[in-house]
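A.B. asks: Let me begin by handing over the structure; questions about it come next.
The values are calculated or read from the model by the stated rules, or taken from the named source; none is laboratory data. Every value quoted in this text rests on a predicted model; they were computed, and no experiment measured them. Reconstructed Cβ throughout: ideal geometry from the backbone, glycine too, with neighbour counts over all protein chains shown. Heavy atoms of the whole protein, side chains included, go into the accessibility calculation; ligands, DNA and RNA do not. Shrake-Rupley method; radii C 1.70, N 1.55, O 1.52, S 1.80 Å.
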Amino acid sequence: MVRRPSIPSGAAGLPERLREAREAMYLSQSKLSLLAGLGRITVHNIEERRTQGNVGIVTVEKLAKVLRVSPCWLAYGQALTVTEQHEHKGVSP
């Protein structure tokens, strides 16, 4: 069973949401990068804020797909996770 990401209150940004969702899926940074088809260090750089806010939409979409969250939620903290959308609609994930 996949844990739903629980984002800490306050000004959580993309790095915090990424880490929370990744840990909820029990994935290492390297494994997530591999599954998303990204460079090995990509997730590390995002989580450590080394990207200086320059994370492309394609990267966000790839990460969101693996993490089963919406790209909008991952990037901006808005919208439901895919699982929550299914639960809301009464659809089994």
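A.B. asks: Being under 20 Å from Gly77 (Cβ atoms), out of contact with any Pro (no Cβ under 6 Å at 6 or more places or on another chain) and either of a type outside the set (Val, Ile, Thr) or in a helix (DSSP H, G or I) (or both) is the filter here; which residues of segment 47-60 pass it?
C.D. replies: Of everything in segment 47-60, those that are under 20 Å from Gly77 (Cβ atoms), out of contact with any Pro (no Cβ under 6 Å at 6 or more places or on another chain) and either of a type outside the set (Val, Ile, Thr) or in a helix (DSSP H, G or I) (or both) turn out to be Glu48, Gln52, Gly53, Asn54, Gly56, Ile57, Val58, Thr59.
A.B. asks: Next question. Determine whether segment 17-38 contains at least one residue that is at pLDDT below 90 and surrounded by fewer than 19 Cβ atoms within 10 Å (Cβ to Cβ).
C.D. replies: no
A.B. asks: Kindly indicate the residue of segment 48-69 that is open to solvent by less than 90 Å² (accessible area, probe 1.4 Å) and at pLDDT below 90 and also farthest from Ala12 (Cα to Cα) among those meeting that condition.
C.D. replies: So, considering only residues that are open to solvent by less than 90 Å² (accessible area, probe 1.4 Å) and at pLDDT below 90, the one farthest from Ala12 (Cα to Cα) is Gly56.
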